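J.: I have a structure here, written as structure tokens, and I will follow up with some questions on it.
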Number of protein chains: 2
Amino acid sequence: MTSAQDKSQADGPLVLSIDAMGGDRGPAAIVAGLALFARKHRDVRILLHGPEADLRPMVDRHRGLAAQCDIRNATGVVSMQDKPSHVMRNGQDTSMWSTLDSVRNGEATVAVSCGNTGALMLLSMVRLRKLPGVNRPAIAVLWPSRNPQGFNVMLDVGADIRADAEDLLKYAMMGASYARNALALTRPRVGLLNVGTEEHKGRAELKAAHEMITAHAEAGGFEFVGFCEGGDIPGSRCDVIVTDGFTGNIALKTGEGTASLIGALLREAFAYSPLSRLASLLALTSLKRLQARIDPRRKNGGVFLGLNGTVVKSHGAADATGVAAAVELAYDLALTGFGDRLAARIASAASSVEAAAEPQDPQSRKDGTNS
Amino acid sequence: MTSAQDKSQADGPLVLSIDAMGGDRGPAAIVAGLALFARKHRDVRILLHGPEADLRPMVDRHRGLAAQCDIRNATGVVSMQDKPSHVMRNGQDTSMWSTLDSVRNGEATVAVSCGNTGALMLLSMVRLRKLPGVNRPAIAVLWPSRNPQGFNVMLDVGADIRADAEDLLKYAMMGASYARNALALTRPRVGLLNVGTEEHKGRAELKAAHEMITAHAEAGGFEFVGFCEGGDIPGSRCDVIVTDGFTGNIALKTGEGTASLIGALLREAFAYSPLSRLASLLALTSLKRLQARIDPRRKNGGVFLGLNGTVVKSHGAADATGVAAAVELAYDLALTGFGDRLAARIASAASSVEAAAEPQDPQSRKDGTNS
């Protein structure tokens, strides 16, 4: 199949499309992150979307950046408060819209934005369209884990609050594909998140998904370990954790909140007495090593899976280091041809799934490109 | 209203009913934990349930314990593998059954067990019955948090994988009651777990629950802060987090898994080099202070809420320290008359709720004591 990715990759250097607006720290932080990335990858072309009058001086401040970077003027900005449906109807002039359209029209391989997640997902669905065979796209994140690769993939962390058995099967395939490309695992182990590992446990759609994923693991190129529990998300039992976007979003934020509480308590513990302050000075290297290992900025970026084109959603509060990590992730995915590989995997699997599955709602299943 | 608690409290010393069996470390660890507790509370009577021939020498090993402790011979043991329905039909001779029946017949105020959670919950529902007005009992835990009291209450963490709007309202009331008694908060702030804090977000039952909880916060003696997110579970925005047992169980295990991963990485970081090992020696006090703060053994025990009688579920893997903490929690709840207070609160609220609410399934709602 021919996709936007093929076109851009065939035409010359790798091109990334970056939304300069929508981050909590403003465009200067995003441009600074971009400059950090660009310094390491002088052969990559960047399309930067936002108000040119504001962006031009920011880009010029970073040596060499202007030479690899085209600014695409877009004066509208999607704010965190904007309702996704409003952006979809009235956002044609926004930097987010323009960023996605560069991928849509084949100019760039991957889009990156720090903006409003709901608006970015809806716009991505409308402008890039869903892959044939995918009913609900998902957001995947990399989660620090006990596995040798240091991270597990979890999806969906909030693209949609619902997921039926067939969606969960697609998440398993997309997550496995992402793990192969982002974590270099040849045969990822996939687990389906539940409240126990016994097969009789959990909600009806989970039991149905368990059967479907078992049947398609071979075709999907992954190993299915069955049900897993919350403790396995940072664990070593599987590499990919599949769940609906409601549960995944709450698990993600619970994990972040717990890590952040422990960090705060650790600082408190070390500030307690003169002796503990001295100890903390000596322990600084060790603590920094720990921090680097679980620093969410190191692997910043949720990836939207299931679209014609790859979109990386950076954390809204990301600083320059975080933005650079998100752009680096986008670069890695563009380099491995991830978008095409995923599309091919879903396409080849979709036929077998559609033959075998019994869709609960045949109308909405017939053409995955319509929502 | 008259309840089992009233009877036992009126008759003399406080009596706790303890299941000696079902813990991962065997009855010796449970008896050792009991001895730790008993040493601090010489006036409390203990009913210890299990095979007398095994338990007698264990009890005799701890000075003074035999004098406060009656052994109730029960030769059957509920294992972690036993299906709850099997235990319900065939478990009359088990220590778990005997432990609950001491609360049922008014001999003891609170029951404690380390055993199989599913079996303990089902047996508790069958032997103690649900409180009038409660359709689904819940399991509540204390979660380390940024609040001054050091812990938040979260429920349900796994009694039932479903919860409708009315169940969530009852969880809010029961959780607030638990926070008043276990955390000494006069007017707990209750949050309803969702994927965003905006009122239009989330599943239909959450929007309905939002309305119902808003309407009954005054009667329930709590402040309703509206929707909260996963990050608020260890946070300071609310004291009580209400969710269904599927989401709550996954959040709980994700939080535990994250904390445990960070602990492992911290040990790794400090074992890295001779200098870091030296630093860790100096930092030992600080690290122990941190560990004490988040040690799950310190607040070990999920509490079953919504039954005629209080049941504390200790972690299956609890050691003597963990068991002692669970028994201490049971003691605190018995001392404050928590069971009666909760029952009275639910009874007074139930009438107003039933008048105002529109049950989705009137048949199953008419009598909350039937499942």
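J.: Hey, A:THR214 hits all of (1) closer than 24 Å to A:ALA334 by Cα; (2) of a type in the set (Val, Ile, Thr); (3) open to solvent by 20 Å² or more (accessible area, probe 1.4 Å) but one; which does it fall short on?
T.: Of everything listed in (1) closer than 24 Å to A:ALA334 by Cα; (2) of a type in the set (Val, Ile, Thr); (3) open to solvent by 20 Å² or more (accessible area, probe 1.4 Å), A:THR214 misses just condition (1).
J.: Something else now. If I filter segment A:48-69 for residues that are free of Cβ contacts under 8 Å to residues at least 40 places away in the same chain, within 20 Å of the chain's Cα centre (by Cα), open to solvent by less than 60 Å² (accessible area, probe 1.4 Å) and closer than 30 Å to A:THR336 by Cα, do I get at least one hit?
T.: Scanning segment A:48-69 turns up at least one residue that is free of Cβ contacts under 8 Å to residues at least 40 places away in the same chain, within 20 Å of the chain's Cα centre (by Cα), open to solvent by less than 60 Å² (accessible area, probe 1.4 Å) and closer than 30 Å to A:THR336 by Cα.
J.: Can you work out which of the residues in segment B:168-207 that are of a type in the set (A, V, I, L, M) and part of a loop (DSSP other than H, G, I, E, B) is farthest from the chain's Cα centre (by Cα)? Show your work before the answer.
T.: Start the filter on segment B:168-207 by keeping residues that are of a type in the set (A, V, I, L, M), which leaves B:168-169, B:172-174, B:176, B:179, B:182-185, B:190, B:192-193, B:195, B:204, B:206.
Among the residues that remain, those that are also part of a loop (DSSP other than H, G, I, E, B) are: B:183-185, B:195.
Working: B:LEU183: 13, B:ALA184: 16, B:LEU185: 17, B:VAL195: 25 Å.
Among them, the one singled out is B:VAL195.
J.: Which of the residues spanning segment A:255-270 are at the interface with chain B (Cβ under 9 Å from one of its Cβ atoms) and either touching a strand residue (DSSP E or B) at 6+ places or on another chain (Cβ under 9 Å) or open to solvent by 30 Å² or more (accessible area, probe 1.4 Å) (or both)? Steps first, please.
T.: Keep residues of segment A:255-270 that are at the interface with chain B (Cβ under 9 Å from one of its Cβ atoms), which gives A:255-266, A:268-270.
The answer is A:GLY255, A:GLU256, A:THR258, A:ALA259, A:SER260, A:LEU261, A:ILE262, A:LEU265, A:GLU268.
J.: Being over 20 Å from B:LEU275 (Cα atoms) and either at the interface with chain B (Cβ under 7 Å from one of its Cβ atoms) or assigned to a helix (DSSP H, G or I) (or both) is the filter here, so list the residues in segment A:271-288 that pass it. Before the answer, list the steps.
T.: Within segment A:271-288, the first condition is being over 20 Å from B:LEU275 (Cα atoms), and the residues that meet it are A:271-273.
If the condition is that a residue be over 20 Å from B:LEU275 (Cα atoms) and either at the interface with chain B (Cβ under 7 Å from one of its Cβ atoms) or assigned to a helix (DSSP H, G or I) (or both), then A:TYR272 is the only one that fits.
J.: Let me ask something else about it. Can you name the residue in segment A:108-127 that is of a type in the set (Gly, Ala, Ser) and part of a helix (DSSP H, G or I) and, of all such residues, is most open to solvent (accessible area, probe 1.4 Å)?
T.: Taking segment A:108-127 and keeping what is of a type in the set (Gly, Ala, Ser), we get A:108, A:111, A:113, A:115, A:118-119, A:124.
Next cut, part of a helix (DSSP H, G or I) only: A:118-119, A:124.
Values: A:GLY118: 36, A:ALA119: 1, A:SER124: 0 Å².
Across segment A:108-127, the extreme among qualifying residues is A:GLY118.
J.: Taking B:GLY309 as the residue in question, decide whether it is within 14 Å of chain A (Cβ to nearest Cβ), modelled with pLDDT of 75 or more and under 28 Å from B:VAL134 (Cβ atoms).
T.: So B:GLY309 does not fit the description; no.
J.: Out of curiosity, is A:THR214 without any contact (Cβ under 8 Å) to a residue 24 or more places away in the chain and assigned to a helix (DSSP H, G or I)? Explain how you work it out, then say what you get.
T.: Working: without any contact (Cβ under 8 Å) to a residue 24 or more places away in the chain: yes; assigned to a helix (DSSP H, G or I): yes.
Yes, satisfied.
J.: If a residue has to be modelled with pLDDT under 95 and buried (at least 23 other Cβ atoms within 10 Å of the Cβ) to count, how many in segment B:181-193 make the cut?
T.: Summing the residues that are modelled with pLDDT under 95 and buried (at least 23 other Cβ atoms within 10 Å of the Cβ) in segment B:181-193 gives 0.
J.: Return yes when A:ARG42 is at pLDDT below 95 and basic (Lys, Arg) and no when it is not.
T.: Working: at pLDDT below 95: yes; basic (Lys, Arg): yes.
Judged against the criteria, A:ARG42 is a match.
J.: For A:ALA347, are the conditions met, namely being in a helix (DSSP H, G or I), closer than 22 Å to A:LEU122 by Cα, away from every other protein chain (no Cβ under 14 Å) and at pLDDT below 90? Even if it seems obvious, please write down each step before you answer.
T.: Details: in a helix (DSSP H, G or I): yes; closer than 22 Å to A:LEU122 by Cα: no; away from every other protein chain (no Cβ under 14 Å): yes; at pLDDT below 90: yes.
Taking the combined requirement at face value, the residue does not satisfy it.
J.: Taking segment B:156-189, which residues are β-branched (Val, Ile, Thr) and under 18 Å from B:ARG203 (Cβ atoms)? Even if it seems obvious, please write down each step before you answer.
T.: If we filter segment B:156-189 for residues that are β-branched (Val, Ile, Thr), which is where we start, we get B:157, B:161, B:186.
Residue satisfying the conditions is B:ILE161 alone.
J.: Scanning segment B:329-338 for residues that are farther than 20 Å from B:THR117 by Cβ and in a helix (DSSP H, G or I), which turns out modelled with the lowest pLDDT?
T.: Taking the candidates together, the pick is B:PHE338.
J.: Restricting attention to segment A:217-264, and to residues there that are farther than 21 Å from A:LEU183 by Cα and in a loop (DSSP other than H, G, I, E, B), which single residue is farthest from the chain's Cα centre (by Cα)?
T.: Taking the candidates together, the pick is A:GLU229.
J.: Kindly indicate which of A:ALA330, A:ALA344, A:ALA349 is open to solvent by 10 Å² or more (accessible area, probe 1.4 Å) and not aromatic (Phe, Trp, Tyr). Outline the logic, then answer.
T.: Values: A:ALA330 fails: open to solvent by 10 Å² or more (accessible area, probe 1.4 Å); A:ALA349 fails: open to solvent by 10 Å² or more (accessible area, probe 1.4 Å).
It is A:ALA344.
J.: Now, a different point. Which of the residues that make up segment B:154-182 are closer than 12 Å to B:VAL303 by Cβ and of a type outside the set (Val, Ile, Thr)? Break it down stepwise before answering.
T.: The initial filter retains those residues of segment B:154-182 that are closer than 12 Å to B:VAL303 by Cβ, namely B:154-157, B:159, B:174-175, B:177-179, B:181-182.
Within segment B:154-182, B:MET154, B:LEU155, B:ASP156, B:ALA159, B:MET174, B:GLY175, B:SER177, B:TYR178, B:ALA179, B:ASN181, B:ALA182 qualify.
J.: Hey, any hits in segment B:232-246 for a residue that's open to solvent by 30 Å² or more (accessible area, probe 1.4 Å), of a type in the set (D, E, K, R) and at the interface with chain A (Cβ under 9 Å from one of its Cβ atoms)? So that I can check it myself, show each step before the final result.
T.: Keep residues of segment B:232-246 that are open to solvent by 30 Å² or more (accessible area, probe 1.4 Å), which gives B:236-237.
Then drop every residue that is not of a type in the set (D, E, K, R), which leaves B:237.
Still in the list and also at the interface with chain A (Cβ under 9 Å from one of its Cβ atoms): none.
No, there is no match, as no residue in segment B:232-246 is open to solvent by 30 Å² or more (accessible area, probe 1.4 Å), of a type in the set (D, E, K, R) and at the interface with chain A (Cβ under 9 Å from one of its Cβ atoms).
J.: Looking only at segment B:213-231, which residues are in contact with a Leu (Cβ under 7 Å, 6 or more places away or on another chain) and within 14 Å of another protein chain (Cβ to nearest Cβ)?
T.: B:PHE227, B:CYS228, B:GLY230
The values are calculated or read from the model by the stated rules, or taken from the named source; none is laboratory data. In this text, all values refer to a predicted model and were calculated from it rather than measured experimentally. Reconstructed Cβ throughout: ideal geometry from the backbone, glycine too, with neighbour counts over all protein chains shown. The area values use the complete protein model at the heavy-atom level, side chains included, leaving out ligands, DNA and RNA. Shrake-Rupley method; radii C 1.70, N 1.55, O 1.52, S 1.80 Å.
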